[in-house]
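Trainee: This is the structure, below, for whatever I ask next.
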């Protein structure tokens, strides 16, 4: 017996849907939940996940503000429309070109994307989403591996190898490394809980 054909959508169809749950993405034309489960019953991220988002987002936001930077930091749920028509919702992302910010979504790749894994999203974060981010011109990609309490940094713009940090180490952003004050994130408070 043949498997049922999967319905595929365009970005325009995705944005036109009125009854679509907030936390879903369009990858390769298929609507998928951002945090596991099914589209109808997508689970919200747990508090550990949310705590990590808050610490990183606040660190990045305060750094940009303190240094009078032009970039803006956002967190999910916020849509990013990539050039292939995929719609993703990174956990955290930084946009330095304000022309990309539209009313409903970011048009084009953010400069920096951070995904926080969960058992239901890790495979997607390490594979297809990473490919999409690299292909679309994301300059730097971080995966916060909650199971192993580590952060994996992919400095795509520099075409360098992968860097792996524990939650106890300072993790420096490559897009801000040449600044007078480099941006460092530390998750050691998370590790104590």
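The values are calculated or read from the model by the stated rules, or taken from the named source; none is laboratory data. Every value quoted in this text rests on a predicted model; they were computed, and no experiment measured them. Note that each Cβ is placed from the backbone with ideal geometry, even for glycine, and that neighbours are counted across all protein chains shown.
Trainee: Could you list, in sequence order, all residues of segment 91-113 that are within 14 Å of residue 34 (Cβ to Cβ) and at pLDDT 95 or above?
Mentor: 92, 93, 113
Trainee: Further question: Residue 142 passes all but one of (1) within 24 Å of residue 28 (Cβ to Cβ); (2) in contact with a helix residue (DSSP H, G or I) (Cβ under 8 Å, 6 or more places away or on another chain); which number fails?
Mentor: All conditions are met except number (2).
Trainee: Just to check your reading of the model, which residue among 76, 120 is within 13 Å of the chain's Cα centre (by Cα) and within 17 Å of residue 33 (Cα to Cα)?
Mentor: Criteria check complete, one pass: 76.
Trainee: Here is a follow-up. Just to verify a result, which residue in segment 1-31, among those that are part of a strand (DSSP E or B) and at pLDDT below 80, is farthest from residue 91 (Cα to Cα)?
Mentor: 26
Trainee: Where in segment 79-193 are the strands (runs of 3 or more DSSP E), entirely inside, with at least 2 residues that are closer than 16 Å to residue 52 by Cβ, in contact (Cβ under 8 Å) with a residue 60 or more places away in the chain and touching a strand residue (DSSP E or B) at 6+ places or on another chain (Cβ under 6 Å)?
Mentor: Fully inside segment 79-193 and qualifying: 112-116.
Trainee: Given the options 47, 61, name the one that is modelled with pLDDT under 95 and out of contact with any helix residue (DSSP H, G or I) (no Cβ under 6 Å at 6 or more places or on another chain).
Mentor: 47
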